[in-house]
Amino acid sequence: GQSLEQPSEVTAVEGAIVQINCTYQTSGFYGLSWYQQHDGGAPTFLSYNALDGLEETGRFSSFLSRSDSYGYLLLQELQMKDSASYFCAVGSGNTGKLIFGQGTTLQVKP
Amino acid sequence: NAGVTQTPKFRVLKTGQSMTLLCAQDMNHEYMYWYRQDPGMGLRLIHYSVGEGTTAKGEVPDGYNVSRLKKQNFLLGLESAAPSQTSVYFCASGTGTGLAQFGPGTRLTVT
């Protein structure tokens, strides 16, 4: 089966940097993706890693280590609007499933 | 492009009633997914489809059925609703690699 582990809550101050970790177990790993969800809204795609290394998209970066079954999302220059839930997800090439972690609630304080 | 749309946005059902949730996408994606999200919880995969005419079970399929008769549509059915199915339901479509676009969600309450 597939499973993902990520911290349930993270708190940081405006302007700081925060890292949200994700470890996964899956067969037929295809890639690790990250989604953001604000309260009452739908998840929106943030970033995707299929290969080892760092992907940068503006203030957000995502890292993957396939050998360690580990990845993280890095948010820089935190803003109040970054307060949201962040989910990692793994896609399985074998089955086509897209499975999500339980989510990390990020609270950004002034 | 409308992206992914879901109907209805809200629904209240009584225990034992049936309903169908409709998801439509205009991005020509092969893969479509139905998730449920309960308060403070992650997204749990109910059923998914890897192409027109195909469906497969996800993590929590019991009590739900799905159909994918057309590539752009993915229907989720509840044959006999139960209070435990009170949730927010999200549909998503994607390329099968981990990139997916979500619909706005359907808030379902079963009394």
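The values are calculated or read from the model by the stated rules, or taken from the named source; none is laboratory data. These numbers come from a predicted model, not from an experiment. Please note: Cβ atoms are built from the backbone with ideal geometry, for glycine as well, and neighbour counts cover all protein chains shown.
Some notes on this structure:
- The residues on offer are B:SER84, B:SER80, and the sole one that is under 15 Å from B:LEU108 (Cα atoms), more than 11 Å from every other protein chain (Cβ to nearest Cβ) and in a loop (DSSP other than H, G, I, E, B) is B:SER80.
- Scope the range A:1-56; condition aromatic (Phe, Trp, Tyr), over 22 Å from A:SER83 (Cβ atoms) and facing chain B (nearest Cβ under 9 Å); matching residues: A:TYR30, A:TYR48
- Considering A:GLN2, A:GLN36, the condition of being at pLDDT 95 or above, closer than 26 Å to B:VAL88 by Cβ and in contact with a Ser or Thr (Cβ under 8 Å, 6 or more places away or on another chain) is satisfied by A:GLN36 alone.
- The one condition in (1) more than 8 Å from every other protein chain (Cβ to nearest Cβ); (2) touching a strand residue (DSSP E or B) at 6+ places or on another chain (Cβ under 9 Å) that B:ALA56 fails to fulfil: (1)
- Lone unmet requirement of (1) more than 12 Å from chain A (Cβ to nearest Cβ); (2) closer than 25 Å to A:SER33 by Cα for B:LYS70: (2)
- Qualifying residue in the range B:16-39 (condition: within 15 Å of the chain's Cα centre (by Cα), more than 21 Å from A:GLN37 (Cα to Cα) and exposed (fewer than 12 other Cβ atoms within 10 Å of the Cβ)): yes
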